[in-house]
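Worksheet: the structure to be examined is printed underneath.
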2 protein chains.
Amino acid sequence: MKRSDVLVVGGSAAGLTAAITARRHYPDKSITVIRKEQRVVVPCGIPYIFGTLGSPDKNLIPDAIHDKNKLDLVIAEATELDREKKVLQTSDGEFNYERLIIATGSHPAMPPVPGFDLEGVCAIVKDVAYLSDLQKRIGAAKKVVIIGGGFIGIEFADEINKLEGKQVHVIELLPHCLALAYDEEFCTAMEEVIRARGVDLITGVKVDRVLGEGKVSGVALGDGRKLDADLVILGIGAVANVDLAKRAGLRIGLTGGITVDRAMKTSDDAIFACGDCAEKISFFGGRPSPLKLASIASQEARIAGANLYGLRRESPGTVGAWSTAVGDTAIATAGLTEEMARKHGYDTVAVEIGGVNRHPGGMPGAVDTKLKAVFERKSGVLLGGQVMGDQTVGELVNAISACVQTRMRADDIAMFAISTHPALTASPIAYHLVNAAETAIGKM
Amino acid sequence: MKRSDVLVVGGSAAGLTAAITARRHYPDKSITVIRKEQRVVVPCGIPYIFGTLGSPDKNLIPDAIHDKNKLDLVIAEATELDREKKVLQTSDGEFNYERLIIATGSHPAMPPVPGFDLEGVCAIVKDVAYLSDLQKRIGAAKKVVIIGGGFIGIEFADEINKLEGKQVHVIELLPHCLALAYDEEFCTAMEEVIRARGVDLITGVKVDRVLGEGKVSGVALGDGRKLDADLVILGIGAVANVDLAKRAGLRIGLTGGITVDRAMKTSDDAIFACGDCAEKISFFGGRPSPLKLASIASQEARIAGANLYGLRRESPGTVGAWSTAVGDTAIATAGLTEEMARKHGYDTVAVEIGGVNRHPGGMPGAVDTKLKAVFERKSGVLLGGQVMGDQTVGELVNAISACVQTRMRADDIAMFAISTHPALTASPIAYHLVNAAETAIGKM
């Protein structure tokens with residue numbers, strides 16, 4: 001029986017960040033990361049393996065981080081958990097722990113659609129060997145159908161479309177791609193960008209079945225259309241990996257994740273959970289949130305890792321901040337869209353501001369940037385912001401996210417101390433976020 | 001006698017923003033902007049006229065903004081102010097007002113150094129004709145000496161250096177360029193970037209005199225060196241334009257600006273001031289701040305404009321957030337540097353974090369990014385952050401600025417809901433700002 005004061009199951013964004021955080025907060029504890037993968041892929045980088053990066057080998061989380069943070073690394077599968085004895089069974093023997101962090105991640109959703117079991121229908125599994133195989137399949141394919149027009153679907157579509165001689169279709173059930181993350185006008189704008197690059201987007205249509213005998217040959221849509229396909233890629237969501245936790249009797253939440261409190265503690269005082277396997281609570285209203293993102297995983301991991309031997313931090317809930325890019329166009333969101341805010345029951349004031357992101361407008365790199373901010377009418381609190389423009393929106397949305405998490409009011413944001421520069425940002429007179437706040441005040 | 005409910009003197013970042021804000025908050029008031037310039041240059045864009053933009057005509061604030069916001073525009077010089085009668089005398093007649101906003105800006109500092117009066121010694125005056133003339137002088141010059149290695153000096157140097165056949169020297173009195181805005185390690189790193197582009201930086205040396213008979217021929221330095229020069233450009237600071245206010249008996253502050261309270265109201269209840277002409281109070285500790293930036297001017301203008309007919313907003317003070325770029329390298333700061341914080345008397349914990357700004361590191365555009373965060377030890381509150389990297393630091397610093405203004409503690413920032421993406425930001429595990437907070441906590 002081996003032992004480690006702190007045992008972390010899972011070595012991706014959540015597990016690794018939790019272990020690093022535990023090391024920072026508890027320098028004298030022994031900390032072991034147990035993971036089943038020989039090598040760990042950067043989860044968000046997966047779509048970029050196939051075009052931009054060129055190989056799964058170029059999309060790995062470097063293992064040197066473990067040594068640097070004095071973390072023991074064991075490559076093994078966790079099989080059973082005896083909570084009473086505080087013992088984790090693994091394919092490499094038993095481990096005794098004082099504190100356990102479960103960061104087992106998620107696996108691709110696989111609804112019972114006819115034909116999803118055919119050869120040539122691939123989900124996105126976070127495994128180097130699987131992704132190497134998928135890369136070969138993509139290389140050989142001419143007609144690729146991607147089912148699901150969320151971030152992963154869009155990113156895969158654009159990367160595969162960059163390769164020679166591919167015809168790429170994306171099928172999205174909702175009226176728009178990215179519709180779970182952005183308001184309609186942003187979805188439409190991004191759809192235009194993607195279509196202009198040659199990807200065929202088919203929205204508001206369901207997949208009836210995948211066609212083929214043994215191997216995929218096409219996709220039958222709900223509207224009667226049939227698309228030829230020699231490869232089908234599924235990007236339709238993820239399901240929390242909770243088997244180990246469930247068998248050990250830990251409580252499971254409404255969205256299927258391991259139930260945790262604000263400290264990221266499970267129903268067992270010695271066990272924490274974080275990342276895709278953990279149930280999330282929304283920052284807005286406190287109801288369960290289905291979001292699964294590496295950035296959320298890291299955030300939760302920093303809470304779990306800090307609280308192992310005493311309460312040091314409590315999660316404010318999941319804000320939901322994310323971004324993507326297609327070519328030179330990036331889109332990003334933090335907090336609630338207008339549509340989401342309405343569904344939450346908020347009385348909102350939403351404002352959209354356009355204009356270039358440099359000043360004067362003739363500065364190199366200036367592109368039109370669109371920002372939408374959603375405020376709660378009565379309090380003036382910023383509930384969320386969406387922004388579309390160049391690469392800089394990837395950080396601009398973090399300024400928005402800061403305002404959201406600190407519950408800044410429109411009036412506070414109107415007095416925001418902005419840093420502006422001709423070559424880097426919009427002008428101080430026309431800075432989108434501040435002007436959105438000013439405009440919203442007039443409508444409250 | 002003409003009359004306007006609201007009269008704004010000055011039409012640049014402060015005056016224009018104040019007028020727009022007044023329009024938003026008081027839709028029924030008549031608002032007149034009085035300015036002496038036929039056309040208004042974008043103040044921060046001035047250095048870029050000479051290389052990137054190519055002409056002062058490409059660096060103008062568009063006058064269409066006045067119509068769009070129903071602002072009357074009068075091109076005239078304000079000459080006298082009779083506060084008792086609420087009458088402003090101008091070169092275009094008298095104007096009666098209910099509320100007056102003074103936004104008269106600043107003019108270049110001109111210390112009594114011998115030779116500063118020679119032909120060919122030019123300050124940076126915000127005037128189209130002056131700048132057109134300066135452009136001709138720069139075109140004809142071969143050896144340019146820039147006195148002052150702050151933002152303006154650096155930006156002028158790099159832009160002039162881009163032109164064919166120029167030799168450019170910058171003389172800075174302090175040990176480093178940009179030393180009033182960044183800690184030494186950032187100054188040094190930026191100096192390397194500038195030197196690698198061919199600009200000669202001479203630091204820690206004072207200018208004894210400018211040489212020449214009638215026309216400039218060189219610059220004599222305090223260390224005995226002499227530099228040949230056919231053009232000398234001064235970038236050594238700015239002085240508030242307060243003549244009108246002073247003659248009218250308004251109170252003047254310690255740094256020479258018009259004294260204002262948190263509402264941006266002067267010692268006269270009907271008169272507000274904002275921008276470079278107004279005295280500033282630091283967000284940190286409340287003492288006078290010498291900063292003069294267009295972004296601060298706009299912020300103050302949004303406060304002044306909103307408060308004209310009733311207190312709606314109070315200034316939290318001047319945070320100080322600014323950025324610049326040389327080639328592909330940008331540098332930005334918000335709040336206090338470690339050095340400034342020490343001078344303010346804070347007991348600080350400062351942390352510097354390096355690492356690439358994309359993930360994995362092989363993503364296109366990935367460059368090493370350096371972020372330094374300064375925390376107050378006891379409270380954990382973020383006092384400031386500096387960052388150097390690519391263009392995206394121009395907005396990343398606004399996320400930092402948001403954390404500073406909302407007085408987020410290191411522990412709050414460790415739980416920051418970040419948006420991350422392979423093509424846009426650092427990884428969620430290694431996100432600089434969050435890791436700086438985590439690292440700082442271990443040192444508190």
Going fewest to most other Cβ atoms within 10 Å around each Cβ, A:E119, A:E155, A:E352 line up as A:E119, A:E352, A:E155
Could you work out how far the C-alpha centroid of the stretch A:374-415 sits from that of the stretch A:32-59, in angstrom? 32
Charged-residue dipole, Cβ positions (Lys, Arg, Asp, Glu), the protein assembly as shown about Cα centre, Debye nearest 20: 1160
Which of the helices in chain A meet the span-like rule: DSSP H, Cα axial reach of 15 Å or more, Kyte-Doolittle mean at least -0.5? A:13-25, A:128-140, A:151-162, A:184-196, A:294-306, A:393-405
Where a ≥ b ≥ c are the square roots of the eigenvalues of the C-alpha gyration tensor, would you call the stretch B:149-245 rounded, which needs a/c under 1.5, or, failing that, prolate if a/b is larger than b/c, or oblate? rounded
Anyone know which of A:E84, A:E184, A:E94 comes out most mobile in the 10 Å Cα GNM of chain A? A:E84
In a GNM of chain A with a 10 Å cut-off on Cα contacts, which of A:I418, A:I101, A:I194 has the highest mean-square fluctuation? A:I418
For B:K143, enumerate residues with amide H under 5 Å from its amide H, sequence gap 5+ or separate chain, H modeled in the peptide plane. B:Q167, B:D230, B:L231
Only Lys, Arg (+1) and Asp, Glu (-1) charged, at Cβ; chain A dipole about Cα centre in debye: 740
For the stretch B:225-244 and the stretch B:318-334, write down the distance between their C-alpha centroids in whole Å. 22
Amide H of A:I101: which non-local residues (sequence gap of 5 or more, or other chain) have their own amide H closer than 5 Å, using H built in the peptide plane? A:L7, A:V8, A:V9, A:F272
Counting other beta carbons within 10 Å of each residue's own, what order do A:C403, A:C122 fall into, fewest first? A:C122, A:C403
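Taking a threshold of 18 Å on the Cα-Cα distance, which of the pairs A:K142/A:K162; B:K2/B:K246; A:K126/A:K226; B:K126/B:K166 fall above it?
Beyond 18 Å: B:K2/B:K246; A:K126/A:K226; B:K126/B:K166.
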Amide H within-cut-off set for B:I281, under 5 Å, with H built and near neighbours excluded: B:S289, B:T318
Selected from B:L81, B:L371, B:L311 as most flexible by GNM, with chain B as the system and alpha-carbon contacts under 10 Å: B:L311
Counting alpha carbon pairs within less than 8 Å and at least 6 residues apart, what relative contact order, in whole percent, applies to the stretch A:110-236? 36
Among DSSP bridges having both ends in the protein assembly as shown, what percentage is antiparallel? Round to the nearest 5. 60
Considering only DSSP beta bridges with both partners in chain B, what is the antiparallel share in %, to the nearest 5? 60
Per residue of A:297-307, count partner chain C-beta atoms within 10 Å of its C-beta, then hand back the mean as an integer. 4
In peptide B:427-440, how many Cβ atoms from other protein chains are near each Cβ within 10 Å, on average? 5
Using the Cα centre of the protein assembly as shown as origin and beta-carbon charges of +1 (Lys, Arg) and -1 (Asp, Glu), tell me which of A:M264, A:L244, B:G257 is placed farthest towards the positive end of the dipole. A:M264
Give a residue-ordered list of calculated ³J(HN,Hα) values for the stretch A:74-88 (Karplus: 6.51 cos²θ - 1.76 cosθ + 1.60, θ = phi - 60°; whole Hz; x for Gly, Pro). 10, 8, 6, 9, 7, 10, 9, 10, 9, 5, 5, 8, 6, 10, 9
Aspartates and glutamates whose Cα lies under 13 Å from that of B:K136, excluding same-chain neighbours fewer than 8 positions away: B:D230
Across B:58-69, the residue-averaged tally of Cβ atoms belonging to other chains within 10 Å stands at 2
Return the sequence-ordered ³J(HN,Hα) values of the stretch A:315-331 in whole Hz as given by the Karplus equation 6.51 cos²θ - 1.76 cosθ + 1.60 applied to θ = phi - 60°, using x for Gly and Pro. 5, x, x, 8, 6, x, 10, 7, 8, 8, 9, 10, x, 8, 9, 10, 9
What is the fewest-to-most order of A:Y26, A:Y309 by other Cβ atoms lying within 10 Å of their Cβ? A:Y309, A:Y26
Can you give the relative contact order of chain B as a percent, counting alpha carbon pairs under 8 Å and 6+ residues apart? 13
About its Cα centre, how strong a charge dipole does the stretch B:110-236 have in debye, to the nearest 20, once Lys and Arg get +1 and Asp and Glu get -1 at the Cβ? 420
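Where a number appears in this text, it was derived from the coordinates with a stated rule and is not lab data. If you're wondering where the values come from, they're calculated on a predicted model, not measured in any experiment. Neighbour counts run over all protein chains shown; Cβ positions are idealised from the backbone, glycine included.
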